[in-house]
Amino acid sequence: RFPAPRWRRVAVVAVGEPDAAFKARSREAILREKQEALDAAHAQKQAERKRKAQAEAAQGPAAKKAKGQPGAKATPEAEAAGTEAQPEEPPPKAELDAGERRAWFRKVGGRPDVAHGRFAASIGRFALPEAGEGFDEVRYVWSPAEKAQERLKEWMVERKRKMPLEHLTLSDWFKRKLDVFRKDLARWQAAQKAAQAARLKPAAKKDAAEGGAAEDTENADSNIMLKEATEYQRQDVFGVDDICDAGSKVPLFIDFDLRDWAMVALRFELHLMVHSLQRDSPDPDRKRMTIHQVQLYYNKYYKKALSVKGYGFDTIDLLVRFLEDVVYVDRDTEMVEPQVDEDHATNDIFVKLTEERRRHVLRQTLAG
């Protein structure tokens, strides 16, 4: 653009902590904008007050009588005096708060410099200028070159982590894992129906000719069932080898309802999604998701919306906190991390975690 030899091409890089003069200018601009906002609000308030005074003066003594102020008929001089402008109060003086006094830059409203979609697609290619790009000089005014490069890298990683991937190709690994789980879920639910049907089958009763023996047998059967139920509740969930036979051919999930099965599925889905993103993301800086991106990635992976209220929670944060046995939020990085290894032997762990939580809630309910 400037091919003539008399032009000297200099790239000025301002990255890092600004100098004192720049900070002072930024804070002056912040203070000026605050003062302008206060002045505008004050002028509007004064104009409204003047308008009301003129309206009351125009109504004359009728307004005074309505307000319970007895008096003679107002003279023209008094009416004129009522319309005179009252002394205006000076506008309040703006001051910087603690955060603004520490600010390096002022926030500029309006449109962003770059559209969000283009920014997200280009941020991975951001770089500082180099002399080899045609500059006679690359001048670093705030930080040395090495620190400026570090700061740019930190800034890019911080921004990228807050921006979900626009395009995501699901791996075959994810599809295989999901297919296996869906088959397991159907098998478990079929086993539950069979076990519940067997539990409801009436026991054989003795002939009525035996008199009270039938009633005694029924009471004995009830005692046996109560004893088995008590032993079942005391059983170590994680010590069960076969969840379809936790003892006496009774599945570990015999008492699951629709909500419990929904929680089994959601536990697995969050687990699989967190691990899959590490495999599927082409960006090494976006191998994890924030708590605010969970619903967006859930939609990308499972082609359906994650309804938080449908599970009985008000926010996604509360839902994930309830399922912290499979995923949790690292409070330092704000990233969602897995609790269960991706190479677990079977999907039984998600049933066991759900049953353990169900029993915990039941014990709390019974304890009041």
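The values are calculated or read from the model by the stated rules, or taken from the named source; none is laboratory data. Quantities reported herein were computed from a predicted structural model and do not represent experimental measurements. Glycine also receives a Cβ, built like all others from the backbone with ideal geometry; neighbour counts cover every protein chain displayed. Just so you know, the surface numbers come from the protein's heavy atoms only, side chains and all, with ligands and any DNA or RNA stripped out. Shrake-Rupley method; radii C 1.70, N 1.55, O 1.52, S 1.80 Å.
Looking at this model, which pairs from Lys23/Lys160; Lys93/Lys162; Lys162/Lys304; Lys183/Lys249; Lys147/Lys300 are more than 29 angstrom apart at the alpha-carbon? Intermediate values should be presented prior to the final figure.
Numbers: Lys23/Lys160 27 Å; Lys93/Lys162 38 Å; Lys162/Lys304 22 Å; Lys183/Lys249 21 Å; Lys147/Lys300 37 Å.
Table pairs above 29 Å Cα-Cα are Lys93/Lys162; Lys147/Lys300.
Computing FRET efficiency as 1/(1 + (r/R0)^6) for Phe313 and Arg51, where r is the C-beta to C-beta distance and R0 is 41 Å, gives about 0.25. Calculated translational diffusion coefficient of the stretch 86-157 (4 °C, 1.567 mPa s; Stokes-Einstein with Kirkwood radius over alpha-carbon pairs) equals 77 µm²/s.
Write down the accessible area per residue of the stretch 267-315 in Å², having rolled a 1.4 Å probe over the full set of protein chains. Mind showing how you got there, number by number?
Working: 2150 Å² over 49 residues.
Each residue of the stretch 267-315 exposes 44 Å² on average to a 1.4 Å probe.
Taking 0.36 nm per residue of separation and subtracting the current Cα-Cα distance, fully stretching the chain between Arg25 and Arg101 would add 26.2 nm.
Convex hull over the alpha-carbon atoms of the stretch 224-368: what's its volume per residue in Å³? Before the final figure, lay out each step's value.
Values: hull volume 19.5 nm³, N = 145.
Hull volume over Cα atoms, normalised by residue count, gives 135 Å³.
Rolling a 1.4 Å probe over the protein heavy atoms of the stretch 245-348, with every protein chain left in place, gives an accessible area that is 49 percent carbon and sulfur.
Which value, in Å², gives the accessible area per residue of the stretch 121-193 when a 1.4 Å probe is used on the protein heavy atoms?
Working: 4920 Å² over 73 residues.
That works out to 67 Å² per residue.
For the cross-link pairs Lys175/Lys303; Lys287/Lys309; Lys193/Lys352, which exceed 21 Å when the distance is taken from alpha carbon to alpha carbon? Cα-Cα > 21 Å for Lys287/Lys309; rest within. Taking the accessible area of the stretch 88-180, probe 1.4 Å, and keeping the other protein chains in place, the carbon and sulfur fraction comes to 50%.
Highest mean first, how do 116-126, 182-192 rank when packing is the count of other Cβ atoms within 10 Å averaged over residues? Show your work: numbers first, answer last.
On the way: 116-126: 12.0, 182-192: 14.8.
Sorting 116-126, 182-192 by mean packing, highest first, produces 182-192, 116-126.
The dipole here belongs to the stretch 284-342: it is taken about the Cα centre, uses +1 on the Cβ of Lys and Arg and -1 on the Cβ of Asp and Glu, and is about 460 debye.
Highest mean first, how do 358-366, 300-308 rank when packing is the count of other Cβ atoms within 10 Å averaged over residues? Spell out each step's value before the answer.
Details: 358-366: 11.1, 300-308: 13.8.
Ranked by mean Cβ neighbours within 10 Å, highest first: 300-308, 358-366.
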